[in-house]
Amino acid sequence: MAIPLAGLAGCGVQSPLAPAGEQARGIASLFWLMIGVCGLMYLLVLVFLSLGLWRSWRRGRQNAEPAVMPADRGLNRTLLVWVVLVVIGLTVLITASFLVDRGIGQARARKALEVRVTGHQWWWRIQYRDPGTGAWIETANELHLPVGQTTRVTLASADVVHSFWVPNVAQKLDVVPGLRNVVDLTPIRIGWFRGQCAEFCGVQHAHMAFDVKIESKAAFDRWLGNQAKPAAPAGDETAARGLRILSAGSCGSCHTIRGTTAVGKAGPDLTHFATRRSIAAGTLPMSRGAVQGWIVQPQAIKPGTMMPPTPLAPADADAVSRYLTGLQ
Ligand code: HEC
Ligand SMILES: [Cu+2]
């Protein structure tokens, strides 16, 4: 029932009305219940209002006196029915909202996959706890979730207040400096979705999105296993030259590419950059041309971003993009 409406709104991949998570499903059912109860009350008010207007209009035409007496028993009875209706409606809403909240809280008791997400102006650092070794595996701007299993996300901020929200999967939660907030995500449907920072955090707030992939447990394990590995070696001579340019330049002071000399922490981990679907927190689709444009002129694509422009000769930008798009 909910899904076609969300489809009409044209935003199925970033919509709380097209649930792909246990938590979002509860919230969506609460939404429809509220629409139902409040819509019914609204209709009732309109019906009685029209009736009243119509009666007074008719009376005006007949030049009759107002028919309502101060001690009108009918009026008292109607008011009583109305009060009872309002109380029942509010009780239904309060009970439902309490139950949905309890339902969302239940996931906290389950064993879960641990993920840390850190909000930065204007991108997301994402770290997975390796279930085998307990080590943290770092990536950025793309969250993978195994379907049918709870993932517990601990939120932190490196600078200002952000808000972590994957509308299709769960409720939104603020990302506050100095505070560790925790949200549980239990996906129920496979697919690509979109998360978005939901708290204004500076000029590029709108470009602080992330891709979310819900996949089977096997596909997720494969993905995580690959993310845990060091970077792939350069595939050809151009890529090797790209790696040399990258290592000689400033890139490595801000970015980590595990297995190379790049160990910076100020920007996204690029070890498996090419496995991502988009560039710069959902701003550009992943392609060689977009990577080149981003490296040379990030300020033109995302004005104010914390990455400085790097003046590279076209052939050098081409080589660097060749290397980066080979980082599977
Ligand atoms: C001063 C630190 C700094 C330097 C130097 C720097 N970057 Fe960045 N880089 C960043 C930050 C911060 C971001 C995230 C920007 C955003 O999305 O708003 C970023 C984003 C990126 C991305 C997109 C990553 C993603 O996950 O979408 C790529 C690719 C990249 N940088 C490559 C480079 C290369 C290549 C160089 C060297 C030519 C370089 N960077 C130099 C800080 C830096
Ligand atoms: Cu933000």
Worksheet item: Mind checking whether some residue in the stretch 243-256 is open to solvent by 20 Å² or more (accessible area, probe 1.4 Å), in contact with a helix residue (DSSP H, G or I) (Cβ under 9 Å, 6 or more places away or on another chain), within 11 Å of ligand 1 (Cβ to nearest atom) and part of a loop (DSSP other than H, G, I, E, B)?
Response: yes
Discussion item. Quick check on this structure: which one of 290, 280, 240, 248 is within 16 Å of ligand 2 (Cβ to nearest atom) and of a type outside the set (Ser, Thr, Tyr)?
Written reply: 280
Response to the item:
Condition set of a type in the set (A, V, I, L, M) and surrounded by fewer than 19 Cβ atoms within 10 Å (Cβ to Cβ), scope the stretch 174-199, selection farthest from ligand 1 (Cβ to nearest atom): answer is 188
Worksheet item: Here are 156, 231, 170, 239: which of them is in a helix (DSSP H, G or I) and either over 19 Å from residue 122 (Cβ atoms) or in contact (Cβ under 8 Å) with a residue 24 or more places away in the chain (or both)?
Response: 239
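Would you pick out the residues in the stretch 145-160 that are touching a strand residue (DSSP E or B) at 6+ places or on another chain (Cβ under 6 Å) and open to solvent by 10 Å² or more (accessible area, probe 1.4 Å)? Before the answer, list the steps.
Quick first cut of the stretch 145-160, residues touching a strand residue (DSSP E or B) at 6+ places or on another chain (Cβ under 6 Å) only: 145, 147, 150-158.
Once the filter is applied, which keeps residues that are touching a strand residue (DSSP E or B) at 6+ places or on another chain (Cβ under 6 Å) and open to solvent by 10 Å² or more (accessible area, probe 1.4 Å), the stretch 145-160 yields 147, 152, 154, 156, 157, 158.
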Discussion item. I'd like the full set of residues that are within 8 Å of ligand 1 (Cβ to nearest atom), open to solvent by 40 Å² or more (accessible area, probe 1.4 Å) and among the small types (Gly, Ala, Ser), limited to the stretch 257-308.
Written reply: 266
Worksheet item: Does the stretch 200-217 hold any residues that are open to solvent by 20 Å² or more (accessible area, probe 1.4 Å), assigned to a loop (DSSP other than H, G, I, E, B), within 16 Å of ligand 1 (Cβ to nearest atom) and in contact (Cβ under 8 Å) with a residue 12 or more places away in the chain, and which are they?
Response: 203
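Working only within the stretch 155-188, note down all residues that are β-branched (Val, Ile, Thr) and more than 11 Å from residue 119 (Cα to Cα). Reasoning before the result, please.
Step one: filter the stretch 155-188 for residues β-branched (Val, Ile, Thr), giving 160-161, 166, 169, 175-176, 182-183, 186, 188.
166, 169, 182, 183, 186, 188 - these are the residues of the stretch 155-188 that are β-branched (Val, Ile, Thr) and more than 11 Å from residue 119 (Cα to Cα).
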Worksheet, complete the sentence: Per the list (1) over 22 Å from residue 309 (Cα atoms); (2) open to solvent by 60 Å² or more (accessible area, probe 1.4 Å), residue check on residue 220 breaks on (2)
Practice prompt. Identify, from the list 132, 119, 103, the residue that is under 29 Å from the mean Cα position of the chain (by Cα) and open to solvent by 50 Å² or more (accessible area, probe 1.4 Å).
Written response: 132
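The values are calculated or read from the model by the stated rules, or taken from the named source; none is laboratory data. Predicted, not measured: the structure shown is a model, and the values here were computed from it. Cβ coordinates were reconstructed from backbone atoms using ideal geometry, including for glycine residues, and neighbour counts include every protein chain displayed. All accessible areas refer to the heavy atoms of the entire protein, side chains included, with ligands and DNA or RNA removed. Shrake-Rupley method; radii C 1.70, N 1.55, O 1.52, S 1.80 Å.
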